[in-house]
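Trainee: Take a look at this one; I'll ask things after.
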Amino acid sequence: MSDFVTFTNEFGHSIEMSREDYQKKVIPHNLDMYWDEKEKLRDFAMELVKDQFHEQAAVAADRLLELYGPIESALIFRAVVHMQAKEFDRAKSILTDCLERFPSSGTACTNLAKIYAYEGDEAKAFETLNTGLHKDPNQENGLNMFVESFLHSGKKEELRVQLEALSGKEGAWRPQLHLARLALTEDNLLKAMHWYNIAIEGAKDRFEVVMTVTGELGQAGYVYQLIQICERFWTPEFPLPYAGFNYANALLATDQKEKAIAILRNMQEHLQDNYKPMVDHFLARVPGAQEVEEAARQKIAANPSADPASKKSWWKFWK
């Protein structure tokens, strides 16, 4: 654990402060400021958990239960704070209560499984984790634990069977992502693409999955498959630019510089202002990008047309 805490102040500046000063000066101020604003208090409480300020996180978690009432997320958060403080019996009690109130809570099961694992009851931990994943097969944390347990035991084929069963649950998409990763480790690109496509099709927030999939394909060097995914699922309206950068890198790797520049400039128009400079920084590192853009501008300037469509930015026509 670091002796310093890095945080963003109310003016948007990144500040580094000693843990002692942060605990004395910032935490009491923020708790007081957010005490009646449950969303801001929730976000701050999560930061307290991340930075391991257990006592202060407990104060925030108790207040969140007062503000929200005993809803599933507030109960689970309170249990997690107990877990971080190694108060496992109290955490177990809250999670048991949560499951009585919300029987379909897969997240409550996953956290109970962590406690059983810590206590050394591996069989009960696995059983509880498995139960939780059948309640909610898209739990990232739970699935990661599940996959790691099988791979650590060298049971890859059994894992595949289990993941395929989970992928058949209504609304499931994250197990398919893990099936794709398994296929990639076996150099079975056809099967990996099959599962990647199904995972993206099934996800509610596709932009996050496209970002993940394009990152994994790019890391593995499958640039043409990355481009296929983007041509099917990527849009410049995605709220984050990272999948677009993955797409552009794949296009650059396949000698499609003009198209890469075009999709980035198109994406830039849709990004929030704080992300727009990232596109300029990306293109500044692309050899010849400035010349390509300038040549396109000159071509348009030298060839004016009465057609209003011709007045649009040149990158609108890359298809």
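Where a number appears in this text, it was derived from the coordinates with a stated rule and is not lab data. Here the structure is a predicted model, which is why all the values come from computation and not from measurement. Glycine also receives a Cβ, built like all others from the backbone with ideal geometry; neighbour counts cover every protein chain displayed.
Trainee: Tally time: how many residues in region 56-81 are free of Cβ contacts under 8 Å to residues at least 24 places away in the same chain and not hydrophobic (A, V, I, L, M, F, W, C)?
Mentor: Number satisfying all stated conditions: 5.
Trainee: Quick one: in region 5-46, of everything that is more than 16 Å from Ala58 (Cα to Cα) and of a type in the set (Phe, Trp, Tyr), which residue is nearest to the chain's Cα centre (by Cα)?
Mentor: Ranking the candidates gives Phe7 first.
Trainee: Turning to a different aspect of this structure: Yes or no: Ile27 surrounded by fewer than 17 Cβ atoms within 10 Å (Cβ to Cβ) and among the β-branched types (Val, Ile, Thr)?
Mentor: No; evaluated as a whole, the condition is false for this residue.
Trainee: Next question, about the same structure. Taking region 125-176 as the search range and keeping residues that are farther than 26 Å from Phe207 by Cα and hydroxyl-bearing (Ser, Thr, Tyr), which one is nearest to the chain's Cα centre (by Cα)?
Mentor: Ranking the qualifying residues of region 125-176, first place goes to Ser149.
Trainee: Filter region 108-166 down to residues that are among the β-branched types (Val, Ile, Thr) and more than 23 Å from Gln84 (Cβ to Cβ) and give me whichever is surrounded by the fewest Cβ atoms within 10 Å (Cβ to Cβ).
Mentor: Ranking the candidates gives Val161 first.
Trainee: Still on this model: Would region 178-188 turn up any residue that is assigned to a helix (DSSP H, G or I) and loosely packed, with under 14 Cβ neighbours inside 10 Å?
Mentor: Within region 178-188, one or more residues are assigned to a helix (DSSP H, G or I) and loosely packed, with under 14 Cβ neighbours inside 10 Å.
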